[in-house]
Amino acid sequence: MDLAGASAIITGGGSGIGRASALAFAAAGATVLVADIVEADGNETAQLIEKDGGTAAFTRVDVTEPDDLARMLDEAERTFGGVDVLHNNAGIVCGEPLWPDTDPATLMRQVTINLASVVVGARLAVPYLRRRGGGAIVNTASMASVLPLTDEPAYSATKAGVLMFTRTCAGMEVRTESA
Ligand SMILES: NC(=O)c1ccc[n+]([C@@H]2O[C@H](COP(=O)([O-])OP(=O)(O)OC[C@H]3O[C@@H](n4cnc5c(N)ncnc54)[C@H](O)[C@@H]3O)[C@@H](O)[C@H]2O)c1
């Protein structure tokens, strides 16, 4: 896919892999909407891109909120003329205390961030990609999707879910004409 002039959204773009992805998309000529729950980090990624001569904006998003995901897609379309790429990248580990003593609320949040937001984000992106005649959805999984991470079994489960969701979608033909 030629990324020159493309419009990309990166969730969890404020740090780590998401920031690296945002910088790489920008270096390839895409405009980038950096989406993250941590405002300072997301803004910093957007500033790094602009400093390198790229075009970027930041939007604060909690990927567990479908309304935030919808607003994020609208914002990319309004600011950059459309959506060609959605990189569903935001993800967390629960950390200490490790399984089976993990806080139940943290586990619920992990499942929602790591898996539900990927499924819902992809679903919400479809009409945006259709309006551009196609595009790409990239989901960050992990080696933990195929190798059990015994300290964080829910992490492995969510990443296995991301892997199977991605494989399944990749095998489906998505019609680009309006339904
Ligand atoms: N670091 C690794 O070794 C590794 C290996 C394989 C896969 N991964 C996956 O790569 C992805 C990025 O991981 P990373 O290591 O760069 O982590 P990171 O913690 O550096 O980055 C994650 C980003 O997601 C953001 N985020 C967290 N919750 C969010 C929410 N609810 N809404 C919006 N943004 C949110 C954080 O603020 C952060 O900027 C994750 O999906 C992770 O599971 C990481």
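The values are calculated or read from the model by the stated rules, or taken from the named source; none is laboratory data. Quick caveat: nothing in here was measured; it's all calculated off a predicted structure. All Cβ positions, even for glycine, are placed from backbone atoms using ideal geometry, and neighbour counts span all protein chains on display.
Annotations
- Options G16, G91; residue that is among the small types (G, A, S), under 26 Å from P153 (Cα atoms), buried (at least 20 other Cβ atoms within 10 Å of the Cβ) and modelled with pLDDT of 95 or more: G91
Table: residues versus (1) over 18 Å from S7 (Cα atoms); (2) of a type in the set (K, R).
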position: D62; (1), (2): yes, no
position: V93; (1), (2): yes, no
position: D103; (1), (2): yes, no
position: R109; (1), (2): yes, yes
position: G121; (1), (2): no, no
position: D151; (1), (2): yes, no
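- Evaluation of D151 against the conditions (1) surrounded by fewer than 18 Cβ atoms within 10 Å (Cβ to Cβ); (2) within 28 Å of A26 (Cα to Cα) shows that the sole unmet condition is (2).
- Some residue of the stretch 101-116 being away from the ligand (no atom under 15 Å from the Cβ), touching a residue at least 40 places away in the same chain (Cβ under 8 Å) and surrounded by 15 or more Cβ atoms within 10 Å (Cβ to Cβ): yes
- Single condition I92 does not satisfy, out of (1) under 13 Å from the mean Cα position of the chain (by Cα); (2) touching a residue at least 24 places away in the same chain (Cβ under 8 Å): (2)
- Selection within the stretch 134-148 - buried (at least 18 other Cβ atoms within 10 Å of the Cβ) and part of a loop (DSSP other than H, G, I, E, B): G135, T140, A141, S142
- Whether a residue is surrounded by fewer than 17 Cβ atoms within 10 Å (Cβ to Cβ) and touching a strand residue (DSSP E or B) at 6+ places or on another chain (Cβ under 9 Å) was assessed, and R123 does not pass this test.
- Looking across the stretch 36-72, the residues that are in contact (Cβ under 8 Å) with a residue 40 or more places away in the chain, within 8 Å of the ligand (Cβ to nearest atom) and crowded, with 24+ Cβ neighbours inside 10 Å come down to D36, V61, V63.
- The residues in the stretch 19-35 that are within 10 Å of the ligand (Cβ to nearest atom) and over 20 Å from A70 (Cβ atoms) can be counted, and the count is 3.
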